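Notes to accompany the following structure.
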Ligand SMILES: C[S@@+](CC[C@H](N)C(=O)[O-])C[C@H]1O[C@@H](n2cnc3c(N)ncnc32)[C@H](O)[C@@H]1O
């Protein structure tokens, strides 16, 4: 057995824990952190290392996402309708929340996979603390690594997932669902959410573009090619006015059978006034009538998903009824959106 790292050598403790986590051995990393803290109870540095290693690289959205009550409500309502009696796979369980809701709603059994071994360890602890360890099996695996017989008792008939990024596709939802549908599902399996859309509207955004010019007397203009092509906006911002009705740029079924690449052109009729670009957000339906949408709503309680402003090279003046062509193209997790021909 390898000796414990010396608590007086924080760099060694950090390196050892990181190496275990990189190998997917979060449980051993946690044991080492606990032993190191027990061995040096007054060392704030050892405690800080323990926390750091369990937080680094975990997407910062998790806590805000779990506090997004509209998101939870959209899932909880649909899960209560669809989960009873079903064999459920929750892809990317994170904290285990959706798996717990499914088990509580009366699922026959829930298999909850999570690619990050640290989150899987925590999800297992949360499932046990909620008294559902006999109904939920947490698998510290990426869905690509799942085997229908070895891990899922022969297959599932309800697939739960929330793998949506701000542009819907950035977390690889299309590829993941296609693979799960092909390899892990029983005939007639249901998917929750059922469908989703990438929504767009023309917009007048008063914020200034995040571009570089002169800095300390030096021209840094060429660096603008590395600036993000999209500007994130909070849902409730008051300085973003819509200049057209919202439209679906892409409407997708979330059953693993949606095309993995597509192109669209949608002319949007301006309501008139200055247009700085277009704003994009997401909408999904977990079950008929249960919809989540983070449409721009000045002053609204913000969704944890940001909206995205795609800026035109220069603002344009429009009259009511002017048509502005909006284009989109996606391929798996890459979405490109632009305005004008
Ligand atoms: C957006 S979070 C959602 C967490 C949880 N399902 C919820 O709704 O509260 C996505 C989680 O899925 C995990 N993940 C993403 N793709 C995965 C995959 N194909 N297999 C397993 N885990 C995945 C990520 O590590 C992350 O924890």
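Listing for the model above:
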read-out	value
Test: residue in segment 214-227 that is under 19 Å from residue 324 (Cβ atoms), modelled with pLDDT under 90 and assigned by TED's automatic domain parsing to the domain that holds residue 267	no
Number of positions in segment 64-95 that are more than 8 Å from the ligand (Cβ to nearest atom) and part of a loop (DSSP other than H, G, I, E, B)	6
Selection from segment 153-181 of residues that are away from the ligand (no atom under 11 Å from the Cβ) and assigned to a strand (DSSP E or B)	156, 157, 158, 159
Filter result for residue 53 (crowded, with 22+ Cβ neighbours inside 10 Å, more than 14 Å from the ligand (Cβ to nearest atom) and within 30 Å of residue 334 (Cα to Cα))	yes
Any chance residue 318 is at pLDDT 95 or above, out of contact with any strand residue (DSSP E or B) (no Cβ under 7 Å at 6 or more places or on another chain) and assigned by TED's automatic domain parsing to the domain that holds residue 211	no
Qualifying residue in segment 187-194 (condition: surrounded by fewer than 15 Cβ atoms within 10 Å (Cβ to Cβ), touching a residue at least 40 places away in the same chain (Cβ under 8 Å) and either on the phi > 0 side of the Ramachandran plot or part of a strand (DSSP E or B) (or both))	no
Meets criteria (within 30 Å of residue 282 (Cα to Cα), part of a loop (DSSP other than H, G, I, E, B) and more than 13 Å from the ligand (Cβ to nearest atom)) for residue 41	no
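Residues checked against (1) assigned by TED's automatic domain parsing to the domain that holds residue 79; (2) more than 8 Å from the ligand (Cβ to nearest atom); (3) in contact (Cβ under 8 Å) with a residue 24 or more places away in the chain:
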site	(1), (2), (3)
106	yes, yes, no
109	yes, yes, yes
123	yes, yes, yes
134	yes, yes, no
144	yes, no, yes
148	yes, yes, yes
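The values are calculated or read from the model by the stated rules, or taken from the named source; none is laboratory data. Just so we're clear, the structure is a prediction, and the values are computed from it rather than from any experiment. Neighbour counts are summed over all protein chains in view; Cβ atoms, including those assigned to glycine, are modelled from backbone coordinates with ideal geometry.
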